[in-house]
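Take a look at the structure below.
The values are calculated or read from the model by the stated rules, or taken from the named source; none is laboratory data. Because the structure is a prediction, the values reported are computed rather than measured. Cβ: placed from backbone, ideal geometry, glycine included. Neighbour counts: every protein chain shown. Side chains are part of the model used for accessible areas, which takes the heavy atoms of the whole protein and leaves out ligands, DNA and RNA. Shrake-Rupley method; radii C 1.70, N 1.55, O 1.52, S 1.80 Å.
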Amino acid sequence: MVSTPIRPLIAPLFVPGDRPERFAKAAASGADAVILDLEDAVAAERKAYARECIRSHDLDGSRTIIRINARTSPCFEADLSALRAVPFSALMLPKARCADDIAAVHAALGRSVPVIPLIESAAGLAGLPDILGAPGVCVAAFGSVDYALDLGCAHAWEALLLVRGELVLRSRLAGLAAPIDGVTTAIDDPVTVERDARRAADLGFGGKLAIHPRQVVPISRAFLPDEAALSWAQRVVSSAGTGAARSLDGEMIDQPVVERARRILARAAKPHA
């Protein structure tokens, strides 16, 4: 397996590729990356226009991800042909089902690039080991709405808990960064967005896809340790001593607990875009 590293993505924000007037606003939203969308957010008759908008725009490639159309789409080859000279940090591939889908991206583009496969179907979940082991894959993302549609289940936390756990587990086994959770469709409900993001963080996800600038702050907040967690971590690390098991505030503290506390402090200290 040859993976391609990419900087951590906590709250990457989708923007329709045919709305160039929104590109700068999205970049200024606090999102750590902007996902310019050529797929679901763009009507079929505007796909060519969206490609031209992206190709002609002055993009910050270090913070730009582009979601192309799926390999099975008639737009797949046209998307990649249009993007050959466009700066971006990664391509997002929807409806990924196998390693051949990833290889097809590199072949059509004419070079190897970081790829974020979207897991959006039962076939994609079944093919996870193959997909995550493909050269160029940098991190997986969960296409939760399409996945729920494919299975005929509710787009609800309980119904999708199994696949979320599998994504976290398989990403870890593949040696990849923690995956990115799917969207919360509520745009004007920051409480729900933050709750969903905190659940994802607790499960082991590294970030969550955003579909509106108002979602960026609650998602980012959920993936940072709160005051209680920071206080706990500081006290645990301060009492680390020799590393032998001991008690702190009625809780057993051994080396794995100390390491978890150190990771919490490290996460809080990292700069976020």
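The figures follow:
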| quantity | calculated |
| --- | --- |
| Check on His155, in a loop (DSSP other than H, G, I, E, B), surrounded by 16 or more Cβ atoms within 10 Å (Cβ to Cβ) and not charged (D, E, K, R) | yes |
| Subset of segment 213-256 that is of a type in the set (A, V, I, L, M) and at pLDDT 75 or above - its residue that is farthest from Phe14 (Cα to Cα) | Val237 |
| Among residues of segment 23-37, those that are at pLDDT 95 or above and open to solvent by 30 Å² or more (accessible area, probe 1.4 Å), counted | 0 |
| Filtered residue count, segment 154-195, keeping only those that are in contact (Cβ under 8 Å) with a residue 40 or more places away in the chain, within 29 Å of Gly136 (Cα to Cα) and of a type in the set (Ser, Thr, Tyr) | 0 |
| Only listed residue being touching a Cys at 6+ places or on another chain (Cβ under 7 Å) and part of a loop (DSSP other than H, G, I, E, B), chosen from Asp18, Asp40 | Asp18 |
| Exclusive hit being farther than 18 Å from Ile35 by Cβ and touching a Leu at 6+ places or on another chain (Cβ under 6 Å), set Arg170, Arg199 | Arg170 |
| Count of residues meeting criterion [over 12 Å from Ile180 (Cα atoms), in a helix (DSSP H, G or I) and either touching a strand residue (DSSP E or B) at 6+ places or on another chain (Cβ under 9 Å) or touching a residue at least 12 places away in the same chain (Cβ under 8 Å) (or both)] in segment 196-213 | 4 |
| In segment 38-52, residue nearest to Ile116 (Cα to Cα) [restricted to those that are of a type in the set (D, E, K, R) and open to solvent by 30 Å² or more (accessible area, probe 1.4 Å)] | Asp40 |
